[in-house]
Structures are given as C-alpha cells and as structure tokens.
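Have a look at the structure below before the remarks.
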Amino acid sequence: MPEFTMDPAWICYHPAPSKPAFTVPAGAVDAHCHVFGPGDVFPYAPERKYTPCDAGKDELFALRDHLGFTRNVIVQATCHGADNRALVDALRTAGDRARGVATVRDTVSDAELSDLHAAGVRGVRFNFVRRLVDPKLDAYYRAIIDRIALLGWHVVIYFEAADLEERWDFFTSLPTIVVVDHMGRPDVTQPVDGPEFGRFIRLMDSHENVWTKVSCPERLSKVGPPDYDDVVPFARTLVERFPDRVLWGTDWPHPNMTTHAPDDGALVDIIPRIATTPALQHKLLIDNPMRLYWA
Ligand code: 0GY
C-alpha cells in the first residue's frame with residue numbers, strides 16, 4: 001500500500017471545532033466539502049500538486065452532525081485527480097444524505113458516467129487555478145460538458161478573479177447551470193463596488209444559469225479568523241442580489257491552508273451575517289442546494 005506524507009507547509013483541519021452559536025435550519029446542506037483518502041485506501045493521484053492530510057468520510061459525517069447539517073455535497077478535490085473512488089465510497093455510505101461533484105477526463109466512458117450518476121454525482125468540476133492543476137484548452141472541457149449535459153448535470157468551475165476576463169466567452173457560453181466556487185475568489189482588499197468584483201456581479205446579472213458558493217472566507221480573508229470581517233460584504237452582496245442562486249459550504253477539510261486551521265463552528269457563525277434573514281438563510285442552506293442536487 002502507498003504511504004503518503006502531508007506537505008510540510010500544510011495545516012490539517014481543526015481537531016475540535018466549536019459548536020456554532022447559529023443553529024442552522026433543519027435540513028441544511030453543507031454544499032462544498034471534500035474527502036481526502038485515506039491515502040492507504042484511496043491513493044492520491046500521481047499528478048496531484050499537493051499531498052493533504054487524510055480526511056475521510058467518517059470525519060466528514062461526524063462534522064456534519066456536530067455542526068447540525070443534514071446533508072453534504074462532496075466535491076472532488078484535485079489531489080484525487082479524476083479518480084473518484086473516495087468520493088463514490090463516501091456517497092454510497094451517506095445514501096440520500098449526500099450528493100457529489102466529480103472530476104472526469106474526456107476519455108470517460110458512458111458506463112462510468114452512469115455509475116457516477118447512480119452513486120449520486122450531479123455535476124463535474126473544472127479547476128482553472130494554476131497552483132492546483134495545469135488548465136487545458138476550452139475545447140477539452142466542452143467535449144465533456146456536451147456529454148454530462150445529457151445527464152442533467154451541471155458544471156462547477158474554480159478560478160482566480162483574474163481568469164474571469166480571459167475565459168469570459170467560454171464561461172458564458174456553457175449550456176448547463178454553472179456554479180462558481182468561492183465567489184470567483186475576489187481580492188477582498190478591493191472595494192466591494194469596485195471593477196473587479198463588479199465583473200463577477202455582471203457575470204451573474206447577465207447569465208441566469210450562473211450560481212455561486214459564498215464560501216471560503218478562511219482563504220480569501222486578509223484580516224483572518226474568527227470573524228473574517230473583510231469577506232462578509234462580498235458574500236452578503238451576492239446573497240442579497242442573487243438569493244436563488246447561492247450555495248454555502250464549509251470547504252472542510254480546508255485544503256492548502258498554511259496560516260491557520262479554520263474553526264468550522266466559527267465559519268457557521270458567519271452565515272447569519274451574510275444571509276441576514278431566516279428567509280435568505282432557508283434559500284441558501286436548503287431550497288437552493290435541494291433544487292440543484294436532490295430534485
Ligand atoms: C477548495 C479550494 C482549494 C483546493 C481545491 O480541489 C482542490 O484541490 O479545490 C484551494 O486550494 O484553494 O475549494 O477546496
């Protein structure tokens with residue numbers, strides 16, 4: 001069996017997250033989280049750009065219960081490449097309490113896609129962040145999208161704010177629902193009404209098939225934990241402008257954190273600051289993810 005050692009700069013997930021003061025509504029979905037390995041059962045991909053700490057399904061489901069969530073959307077992380085075995089195993093264990101977003105290559109067979117669907121996969125993820133993958137030409141992704149669209153799946157994209165201008169025509173031409181991870185990674189030192197975030201708002205304003213996850217303050221923030229005050233206005237703006245097209249997730253186990261291990265309880269306590277009414281919270285945590293993943 002292979003042995004893996006976590007990258008030295010890495011900080012593993014918080015060993016004992018606090019109990020949030022905010023009680024999430026019954027039926028709430030953590031719509032962005034991952035499983036890593038364990039590597040001796042589900043080896044990390046040879047082409048990976050980082051080696052994480054093991055963070056398997058048992059730990060994920062314990063966190064779900066601790067924070068008060070009912071369901072998870074588990075998103076394939078780049079350390080597993082297009083080998084979705086750890087994801088599928090977690091989905092099978094969770095049954096109806098989880099759905100998945102996979103990564104597939106253009107060589108994927110119809111039988112593999114249909115097995116992924118049966119396990120609960122409802123989308124594919126394309127990552128354009130250069131420190132995580134070597135991005136490919138648009139045509140590569142397009143060939144996959146044409147096939148997954150037939151299954152009624154959507155596309156999740158992860159990019160840095162600067163990539164939006166470069167790939168605008170591609171992103172805006174996609175025929176499926178498109179979910180953008182982590183608000184398109186805004187530079188939160190820029191004004192919330194400035195040109196950079198303005199471009200992201202324009203993307204959502206002019207394309208009704210574009211959704212976003214108002215997640216990841218731990219990575220975007222310059223002021224840091226536990227309140228991540230500088231990220232809150234960006235997330236709140238999106239929740240208020242696009243209440244029916246936003247999702248929220250912990251991002252557990254927080255890959256590539258080198259400054260601190262986020263307290264997942266404190267992350268949950270940010271929810272009422274970005275979705276400031278029970279109606280907005282219900283849409284963010286229940287109605288939207290249920291429509292996209294469980295309908
Ligand atoms: C995230 C963020 C990151 C990593 C990945 O798939 C991945 O490896 O998405 C990151 O390093 O910013 O959403 O998990």
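What follows draws every value from the coordinates through simple rules; no lab data is involved. Here the structure is a predicted model, which means the values were calculated and not measured. Neighbour counts run over all protein chains shown; Cβ positions are idealised from the backbone, glycine included.
Looking only at segment 114-136, count how many residues are surrounded by fewer than 19 Cβ atoms within 10 Å (Cβ to Cβ), assigned to a loop (DSSP other than H, G, I, E, B) and free of Cβ contacts under 8 Å to residues at least 60 places away in the same chain.
Number satisfying all stated conditions: 5.
Six or more apart or on different chains, Cβ atoms under 8 Å: show the pairs whose first residue is in segment 63-84 and part of a loop (DSSP other than H, G, I, E, B) and whose second is of a type in the set (Phe, Trp, Tyr) and surrounded by fewer than 24 Cβ atoms within 10 Å (Cβ to Cβ).
Sorted first by the residue in segment 63-84, then by its partner, the pairs are Asp83/Phe42.
Considering only segment 1-45, how many residues are on the phi < 0 side of the Ramachandran plot, within 15 Å of the ligand (Cβ to nearest atom) and part of a loop (DSSP other than H, G, I, E, B)?
14
State the number of residues belonging to segment 117-159 that are hydroxyl-bearing (Ser, Thr, Tyr) and either within 16 Å of the ligand (Cβ to nearest atom) or on the phi > 0 side of the Ramachandran plot (or both).
2
Given the criteria touching a helix residue (DSSP H, G or I) at 6+ places or on another chain (Cβ under 6 Å), within 12 Å of the ligand (Cβ to nearest atom) and more than 26 Å from Pro226 (Cα to Cα), does Arg99 qualify? Step through it out loud before you land on a result.
Values: touching a helix residue (DSSP H, G or I) at 6+ places or on another chain (Cβ under 6 Å): yes; within 12 Å of the ligand (Cβ to nearest atom): no; more than 26 Å from Pro226 (Cα to Cα): yes.
So Arg99 fails the test.
Quick one: how many residues across segment 137-158 are within 17 Å of Trp168 (Cβ to Cβ) and not in a strand (DSSP E or B)?
6
What is the residue count in segment 185-232 for residues that are surrounded by 16 or more Cβ atoms within 10 Å (Cβ to Cβ) and either within 16 Å of the ligand (Cβ to nearest atom) or among the aliphatic types (A, V, I, L, M) (or both)?
Selection size over segment 185-232: 22.
Against the condition in contact (Cβ under 8 Å) with a residue 12 or more places away in the chain and either within 16 Å of the ligand (Cβ to nearest atom) or crowded, with 18+ Cβ neighbours inside 10 Å (or both), how does Ala55 come out, does it pass?
yes
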